[in-house]
Amino acid sequence: MFPVYKEQITIGGLQLNFLVDGQDTEGSLVMFEMFVPPNAKVPAPHFHVEVDETLYVLEGKLTMLYNTETRQLNPGDTLFIKRGLIHGFTNEHTQTARVLCALSPASIGPAYFRELAVVINAGGPPDRHQILSIMKQYGLEPIQAN
């Protein structure tokens with residue numbers, strides 16, 4: 001049996017398939033399947049002001065920045081990311097990673113990813129200021145490289 005997606009959003013090379021959104025959970029939870037191709041452009045390291053995130057790797061591998069550590073996540077691995085904790089990910093491997101993501105509460109949901117997709121998928125280099133503005137609007141704080 002294949003899952004029924006509420007919505008599919010493509011952002012650059014990433015594909016997000018939403019299973020549950022805030023409307024389904026009275027604002028408690030968003031859950032989506034994310035496909036991360038090898039060497040895909042991914043979000044800059046960031047933290048969430050008011051949202052906890054849980055990742056479960058279904059296929060492939062992700063290299064995670066988790067606070068100050070780098071962790072390798074393999075199929076079957078779970079990682080809980082408490083709000084306020086710096087994180088980011090890359091796929092430095094040859095297989096597309098497939099990850100189940102849950103965000104709670106549901107304030108970072110499909111609307112956030114739709115807005116990002118418009119900017120990133122517009123063609124040419126994305127407008128960094130627009131991306132930062134969208135991130136901040138939804139409670140994501142990017143970490144600036146020193």
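Okay, here's what the table says:
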read-out: One residue from E53, E59 being out of contact with any helix residue (DSSP H, G or I) (no Cβ under 9 Å at 6 or more places or on another chain), acidic (D, E) and surrounded by fewer than 19 Cβ atoms within 10 Å (Cβ to Cβ); value: E59
read-out: Filter result (touching a Pro at 6+ places or on another chain (Cβ under 6 Å) and either surrounded by 17 or more Cβ atoms within 10 Å (Cβ to Cβ) or modelled with pLDDT under 95 (or both)) within segment 95-131; value: I120
read-out: Tally of residues being farther than 24 Å from L140 by Cβ and surrounded by 13 or more Cβ atoms within 10 Å (Cβ to Cβ) across segment 75-94; value: 2
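The values are calculated or read from the model by the stated rules, or taken from the named source; none is laboratory data. The structure displayed is predicted, hence computed values, not measured ones. Here Cβ is always computed from backbone atoms with ideal geometry, including for glycine, and neighbour counts include all displayed protein chains.
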